[in-house]
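The values are calculated or read from the model by the stated rules, or taken from the named source; none is laboratory data. No experiment lies behind these values; they were computed from the predicted model shown. Because the Cβ atoms are built from the backbone with ideal geometry, glycine has one as well, and the counts that use them run over all protein chains shown.
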Amino acid sequence: MVCFTRCSRKMRDRFACFIPSDPLSTGPHVTQRFFRLLIGQLLLVLATICMLPQTAHAAEGIEIRRALVEAGEDGYRLSATYGLELSHGLEDSLQYGVPVYFSTNIEFTRPRWYWFDEKAIVARQSIRLDYNVLTRQYNVSVNGGVRQYFTSLEDALFLIRRPNRWVVAPRGALKVGEVYNVKLTMGQDYVSKPIQVNAINSNEWRLASDKKTFQYKAE
């Protein structure tokens, strides 16, 4: 409180030139003095507001904690784990039957000094999470495939945080021995707001995405 009072005094002294010493005096310049006093007071108020601590809500997001590419007989697989916590707004939307979508995108590029980089692999995976009010179960499906059912949200999120290894390309898509730059992104897809929950703050509907880049030598 002492610091705030000192800062207020400093700001008041800084703008003292705008405030007349006798604002109630009469004379030909009373109107001009009045407006100078008004402007000075407004500047003082604005300066005080700027010094007040600003409260901000930290954006919740997705974190790529581990990512590596493995070569197998069926192709190149992505093995990854993610950090993910749903906001209160997204949890509420699930209870209203609104699905939440997540997308994982991976891209392999090979640098070429004589031309643009070669895009060897571009793949995308979509995950749908929804809640069935009748059965009281959470459902998770990958790329529109078979749904998996869970009795708790935490169990459903576990599958999204630690998904099965994903075949991003068949063998032969990469040149053995070549080094590729890999860019991996994981984020939430856009979800439209239904009428039932349009009162929820829009910030609670978004999860910040994450990106990870690394190199992979094709085997």
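One table, with the values for the structure above:
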item: Residue ID - modelled with the highest pLDDT, chosen from residues in segment 167-208 that are in contact with a Ser or Thr (Cβ under 9 Å, 6 or more places away or on another chain) and of a type in the set (Phe, Trp, Tyr); result: Tyr180
item: Selected residue [buried (at least 16 other Cβ atoms within 10 Å of the Cβ) and not polar (S, T, N, Q)] from Val122, Val133, Val168, Val179; result: Val168
item: Considering residues of segment 144-160 that are within 29 Å of Gly75 (Cα to Cα) and surrounded by 17 or more Cβ atoms within 10 Å (Cβ to Cβ) only, the residue farthest from the chain's Cα centre (by Cα); result: Ala156
item: Filter pass, Ser141 being under 24 Å from Ile62 (Cβ atoms) and surrounded by fewer than 14 Cβ atoms within 10 Å (Cβ to Cβ); result: no
item: Subset of segment 76-116 (residues that are among the charged types (D, E, K, R) and surrounded by fewer than 14 Cβ atoms within 10 Å (Cβ to Cβ)); result: Glu85, Arg112
item: Test: residue in segment 150-159 that is modelled with pLDDT of 95 or more and in a strand (DSSP E or B); result: yes
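One line per residue, one yes/no per condition, for (1) at positive phi; (2) part of a strand (DSSP E or B):
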| residue | (1), (2) |
| --- | --- |
| Gly83 | no, yes |
| Leu94 | no, no |
| Gly97 | yes, no |
| Tyr101 | no, yes |
| Asn105 | no, yes |
| Thr109 | no, yes |
| Trp113 | no, no |
| Leu134 | no, no |
